[in-house]
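Accompanying notes for the structure given below.
No value in this document is a laboratory result; all are computed from the given coordinates. Quick caveat, the model's predicted, so the values are computed rather than measured. Cβ atoms come from the backbone with ideal geometry, glycine included; neighbour counts cover every protein chain shown.
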Amino acid sequence: ASILVLHGPNLNLLGTREPEVYGSTTLTEINQQLQSAASEAGHHLQCLQSNAEYELIDRIHLARPEGINFIIFNPAAFTHSSVALRDALLGVDIPFIEVHLSNVYTREPFRHHSYFSDIAQGVICGLGPQGYLLALQAALSRVQD
Ligand code: DQA
């Protein structure tokens, strides 16, 4: 299968960004772990991080003609603001899992609402980088069914 991992704004700073909230693992390390887990299982995985909403939207649009089977998405701050990204996912109709490193429900109230959770296959939050690996496991078992 073909899996696309998308990371939203500021996640390029992982490792140094608010380490007490987000931990010390870098985005490169997370992507490498996902990459090796996917290729060990015989699947193809691509990653993109962007600070620009339109780049994430354009990447989601491309995913359909490209034959992407599943998306793993940490929309970061766009979680709480982006109708446009929600509409892009609805538009391509590709199943996705929403991931957050931090437990957003222990944080500010504005982080408690997501524009994605009600259209996601599932949501993982608060488990740090492991959340991405668990999402990958779930994605792979779903595309194989
Ligand atoms: C985040 C949680 C969001 O509220 C925040 O804006 C982020 C990261 C997380 O992974 O915990 O940038 O998505």
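Any idea which of ILE97, ILE57, ILE119 is closer than 23 Å to GLN32 by Cβ and β-branched (Val, Ile, Thr)?
Only one candidate qualifies: ILE97.
For segment 72-93: of the residues being in a strand (DSSP E or B) and not polar (S, T, N, Q), which is farthest from the ligand (Cβ to nearest atom)?
Among residues in segment 72-93 that are in a strand (DSSP E or B) and not polar (S, T, N, Q), the one farthest from the ligand (Cβ to nearest atom) is ILE72.
Would you please name the residue that is surrounded by the fewest Cβ atoms within 10 Å (Cβ to Cβ), looking only at residues in segment 94-114 that are over 16 Å from the mean Cα position of the chain (by Cα) and part of a loop (DSSP other than H, G, I, E, B)?
If we take residues in segment 94-114 being over 16 Å from the mean Cα position of the chain (by Cα) and part of a loop (DSSP other than H, G, I, E, B), then GLU108 is surrounded by the fewest Cβ atoms within 10 Å (Cβ to Cβ).
Counting only residues that are more than 15 Å from PRO129 (Cβ to Cβ) and not acidic (Asp, Glu), give me the helices (runs of 4 or more DSSP H) lying completely in segment 1-70 with at least 3 of them.
53-66
Within the set of pairs 6+ apart or on separate chains, which have a first residue in segment 98-114 that is within 17 Å of GLY8 (Cα to Cα), a second that is near the ligand (Cβ under 7 Å from one of its atoms) and in a strand (DSSP E or B), and C-beta atoms under 6 Å apart?
Listed by first residue and then by second, the contacts come to VAL99/ASN74; HIS100/CYS125; ASN103/CYS125; VAL104/CYS125.
Just need a number here: residues in segment 134-145 that are within 14 Å of the chain's Cα centre (by Cα) and surrounded by 17 or more Cβ atoms within 10 Å (Cβ to Cβ).
3
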